Structures are given as structure tokens and as C-alpha cells.
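The values are calculated or read from the model by the stated rules, or taken from the named source; none is laboratory data. Model, not experiment: these values are computed from the prediction. Ideal geometry is used to build each Cβ from the backbone, glycine not excepted, and the neighbour counts take in all protein chains shown.
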Amino acid sequence: MASQKRLSVPGWIRSWTTTVPVLAVVVLVLSWGRSLPTPVVVVVALVLAGAVLAAVHHAEMVAARVGEPLGSLVLAVAVTVIEVGLIVTLMVSGKGDTSTLARDTVFAAAMITCNGIVGLCLLVGAVRQGLAVFNPEGTGAALATVATLAVLCLVLPSFTTSQPGPEYTGAQLTFAAVASLALYAVFVVTQTVRHRDFFLPVAPDGSVLPDADEHAAPPSNRAALVSLGLLLVALVAVVGLAKVESPAVEDAVGAAGLPPSFVGVVIALLVLLPETLAAFNAARRDRIQVGLNLALGSAIASIGLTIPAIAVAQIWIGGRLVLGLSPTQTTLLAITVVAGVLTVVPGRATRLQAGVHLVLLAAFVVLAASP
């Protein structure tokens, strides 16, 4: 409508979200390939956190321009770019055996999204409204996609016999990569074109909710393009600075007596920070469905895009690529899928369902730290 005002952003937010990505790139250039003292490592970590927060802001601006549910895909793909970049750089230059790094990171991302972010959104919604209400059709379809991708890419390699160990042969890995991409493409078309209404926020009576701000039009095309450019800059900076921080992370994990596989958990926690903040903000605005779209969409992108990308990168990296989950990880995945189905089917959830998912996340973290 002509009377609508453009979505406005306070000047101080616009200022720092523009400055921080540029500053992060400068810090990346100055710190790349150097051995850094501890105080500088701390400064780089702070700049990295600022770049992540800036990425959240710009992704939300782009999402506001394209609208839901397409907007939820923007951040999901963005964090997947970070994830793939971190995994590849660590596999190329990481210490020790990195054959399980992709598996550990992708599995950690699935646990954090399907239990941590989903549980957080449900908890916020249940506390604010008594019940967290969402669309079971869209959420159920997303959960089924996550489960299928997880079994195809992370469970079946432990049961195949053509290759020793929990690994795929070249032909099997090619099939898994192509099938994952195809399934991701079908999900995107379903979410954004064919059945878009299944993924929109709903009221307790099942009706689709209006825009969160009825009096604010989306950002202008120019503002959205600027945010898209700054989002790309922030993502490059996050991947690069995380690579700079990786030796310190690996040393800290070793010094704490944690297994090397815990590095994958740290990577997943880092790359999903933007998604977690965005989902929490959506839940606070009573847009539970948007938060669930972000969580499950990230899980789908993490598996459906990361595994094919790593499969292609493996041609140049070489070495082993262990994808099959351990028995403990497989059990956690199975419980997560069962609990997710029981949570999704009614289309509404209480604090109990939120607590179940958050306890599963806690169990994953404890068992990752102490297998």
C-alpha cells in the first residue's frame, strides 16, 4: 500500500553492521598465515563474533525483501557456505586425522538444529502463549527430509559392505551426493512454490498470520542488494577468521582433554549462531513456524549441500572420507527423529516437548565430550 513505510533500521545498527564486515576482512588480511599471540587471538575472536552478528542482520534484511518462506532459505544457505568453507580448510590444513571431520560437523549441526534450535523455539512459544503453534504439514515434510538425508548420508555408510569401514565407495558417494542435491531441490520448490502456505506462520485456529509488521513494507531493492553484498563479505570474513582461529580451537579442545571429534561440535556451534539468533527472534515475535523453518531448513541444507560439496572437494583433498555414524550417534539420531515426529504431528507443543529436545541436545554434547 502507498501508505506503508519502508522497513527502517536505527542508525547505530546500520552503522556497525556496515563497518564490522569490512573491519573483519581487514583483520583477516592482517592475520592470515601468521602465528598470533593470545591477546590477538582474543581480538580476532571478538571480530569474528561481530561478523556473525552482522551476517544475521543482513540475512534478515534480504529475507524481509524476498518474504517468507523463501527468506528462511537465505540464512540456511549462508550458514552452509560457512560450514563447507570451514570443513574444507580444516581438512586441508588441520592437524592429525580429519577423515571424520565432515561427519562430526554435519551430525552436530543436525543435533543442534533439530534439538537445540527447535527446542528453544518451542520453549519460547510455550512460555509466551502457553502453547507453541505451528503448521504440522510443512514442519513434518521438513523433518521427513532431514531424516531421509541423515540416513542416506550418515547411517547407511556404516552398513554397506563394498568398502571396508563406515565409508562409501566412489559410486555410492556419487549417488548419495546427487540424491541429496535432488531432494534438497525438491524441498526448496515445495517450500517456496508449490506448497508455500504449509510453511507460513499460523494462529492457534490454523489461519495464516499476517506480516509481523503490517505497517512496514520490505526494504527497498537497493537496501536489499547492499545487505546481500555485505552478507557475502561477512561470510567470507567469518570463514577466513574461523580458519585463523582454528589452531587455537584445536589446542583448546586438546588442552581440555576433549576428543578431536569435538572440533566438529565447535564448528557447528559457530556456524549455527546466526541461525539460532534469528530463530529466537522469530519465536519472540510469535512466529514459531519461521523459527522451525530456519532450524529444519538449516539441517536440510547442512546435510543436503555440505555432503555433496565435500564429496566434490574430496577429489582434490584425497584421503579417507568417513561418513558412517558410530552406534552412539546413530542411537541419538534415531531418538531425535522419533521425538521430532511425536512433537510435529499435533501441530502444537508444550514446554514438555521443548524440554525433551533440549535434553537430547544436552545428551549429545555430553556424549560428544565424553564418548
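For beta carbons closer than 6 Å, sequence separation of 6+ or different chains, a first residue in region 349-364 that is touching a residue at least 40 places away in the same chain (Cβ under 8 Å) and a second that is of a type in the set (Ser, Thr, Tyr) and crowded, with 16+ Cβ neighbours inside 10 Å, the qualifying pairs are Ala349/Thr343; Gln353/Thr343; Leu360/Thr336. If you check Gly229, Gly304, Gly297, which single one turns out to be at pLDDT 80 or above and within 30 Å of Val42 (Cβ to Cβ)? From the options Gly229, Gly304, Gly297, the qualifying one is Gly229.
Of the residues making up region 340-364, those that are farther than 22 Å from Ser158 by Cβ, out of contact with any Gly (no Cβ under 6 Å at 6 or more places or on another chain) and in a helix (DSSP H, G or I) are Val341, Leu342, Thr343, Arg351, Leu352, Gln353, Gly355, Val356, Val359, Ala362. Candidates Gly324, Gly304: the one that is in a loop (DSSP other than H, G, I, E, B) and of a type outside the set (A, V, I, L, M, F, W, C) is Gly324. A search for C-beta distances below 7 Å between a residue of region 169-184 that is within 18 Å of Val322 (Cα to Cα) and any residue that is exposed (fewer than 15 other Cβ atoms within 10 Å of the Cβ) and among the small types (Gly, Ala, Ser), counting only pairs 6+ apart in sequence or on different chains, returns Thr169/Ser162; Gln172/Ser162. All of (1) buried (at least 18 other Cβ atoms within 10 Å of the Cβ); (2) under 30 Å from Pro204 (Cβ atoms) hold for Pro346 with one exception: (1).
Here Gly291 passes the criteria (1) within 30 Å of Met91 (Cβ to Cβ); (2) in a helix (DSSP H, G or I) except the one numbered (1).
Only one entry of Leu48, Leu70 meets the criterion of being aliphatic (A, V, I, L, M), at pLDDT 80 or above and more than 11 Å from the chain's Cα centre (by Cα), and that entry is Leu48. Say we look at region 150-183 and pick out the residues that are of a type in the set (Ser, Thr, Tyr) and under 24 Å from the mean Cα position of the chain (by Cα); which of these is surrounded by the fewest Cβ atoms within 10 Å (Cβ to Cβ)? That would be Thr174. One residue stands out in region 322-353 among those that are among the small types (Gly, Ala, Ser), farther than 30 Å from Met91 by Cα and more than 19 Å from the chain's Cα centre (by Cα): the one that is modelled with the highest pLDDT, namely Ala339.
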